[in-house]
1. Residue check, L25 against (1) surrounded by fewer than 18 Cβ atoms within 10 Å (Cβ to Cβ); (2) touching a residue at least 60 places away in the same chain (Cβ under 8 Å); (3) closer than 20 Å to P136 by Cβ, all met but one. Which one?
2. Mind checking which pairs have a first residue in region 131-159 that is within 21 Å of V185 (Cα to Cα) and a second that is among the charged types (D, E, K, R) and part of a helix (DSSP H, G or I), Cβ under 6 Å, 6 or more apart or different chains?
3. Does A95 count as free of Cβ contacts under 8 Å to residues at least 40 places away in the same chain and either touching a Pro at 6+ places or on another chain (Cβ under 9 Å) or buried (at least 18 other Cβ atoms within 10 Å of the Cβ) (or both)?
4. Hey, can you tell me all the residues within region 92-136 that are under 23 Å from M156 (Cβ atoms) and out of contact with any Gly (no Cβ under 7 Å at 6 or more places or on another chain)?
5. Among the listed residues P176, P125, P136, identify the single one that is surrounded by fewer than 16 Cβ atoms within 10 Å (Cβ to Cβ), of a type outside the set (A, V, I, L, M, F, W, C) and assigned to a helix (DSSP H, G or I).
6. Scan the helices (runs of 4 or more DSSP H) fully inside region 1-73 and keep the ones with 2 or more residues being farther than 17 Å from G92 by Cβ, small (G, A, S) and modelled with pLDDT under 95.
7. Can you tell me which residue is farthest from the chain's Cα centre (by Cα) among those in region 38-62 that are surrounded by 18 or more Cβ atoms within 10 Å (Cβ to Cβ) and either basic (K, R) or under 30 Å from L147 (Cα atoms) (or both)?
8. Which one of these is surrounded by 13 or more Cβ atoms within 10 Å (Cβ to Cβ) and over 20 Å from G48 (Cβ atoms): L163, L205?
Amino acid sequence: MSVRTTTHGEAASAALASRPMAFFLAALLGLAFGAADQQLGTLTAELGPWTSTAAQMSAPWLVLPFLIGLTQPDARRAAVLGLVVTASALVGYFAMTYSPLEIHPWTLDRFTSGFVAVTTSGYNPLYILGGLVTGPLFGLLGQRWRLQRSWISAAMVAGALCLEPLARSASGQLMPPAPVWVAEVVFGVVVAALFAYALTAQRRLESR
């Protein structure tokens, strides 16, 4: 009889999967991510114009639910948590836009009216709708990678990172400075290489 040793990472992941607290943690992580992303875009004077461009990247919003999905052994739960973390990130982003850090003087009326306005105007309803689709999808992709080492999951994540600059250039939405996008592509290539290594290692184990 073989005895399987459970690693610390596996134990933590199992605990996250088995507790209702996972939904609270996913919501908290999403709020923090969205708020940080919005705040990053306001730091151009202090850190330079790259912050505004980095804050507009779409790929990190896909990687976020994917990482949540990696912690889940159940497909349905992974999809739901992917939705939760993405929806919370959107709330955090829009809420920070009308937070006391951005609005002076701040009042509850200004916050509520501004929050409603920003979520229902411009392209924001499309972003919200997109998040409702991509959140569960990438949460599920994370779960598929965890259990099956799905090459589709790997391709979707690496492709989101590597191809976003090309997609933005084709649609006329590629913002300067260029090194920000170069860094995203380089990171995407590194992620793709890690996925490829994991897939190769998995196949070697299966062939023994």
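1. (2) is the only condition that L25 fails.
2. S153/R144
3. Numbers: free of Cβ contacts under 8 Å to residues at least 40 places away in the same chain: no; either touching a Pro at 6+ places or on another chain (Cβ under 9 Å) or buried (at least 18 other Cβ atoms within 10 Å of the Cβ) (or both): yes.
So A95 fails the test.
4. Y123, L126, Y127, I128, L129, G130, G131, L132, V133, T134
5. Exactly one of P176, P125, P136 is surrounded by fewer than 16 Cβ atoms within 10 Å (Cβ to Cβ), of a type outside the set (A, V, I, L, M, F, W, C) and assigned to a helix (DSSP H, G or I), namely P125.
6. Numbers: elements: 8-18, 21-40, 44-47, 50-55, 59-70.
Filter on region 1-73 gives 8-18.
7. The selected residue is M57.
8. Answer to the check: L163.
The values are calculated or read from the model by the stated rules, or taken from the named source; none is laboratory data. Please read these numbers as outputs of a predicted model, since none were measured by experiment. Cβ: placed from backbone, ideal geometry, glycine included. Neighbour counts: every protein chain shown.
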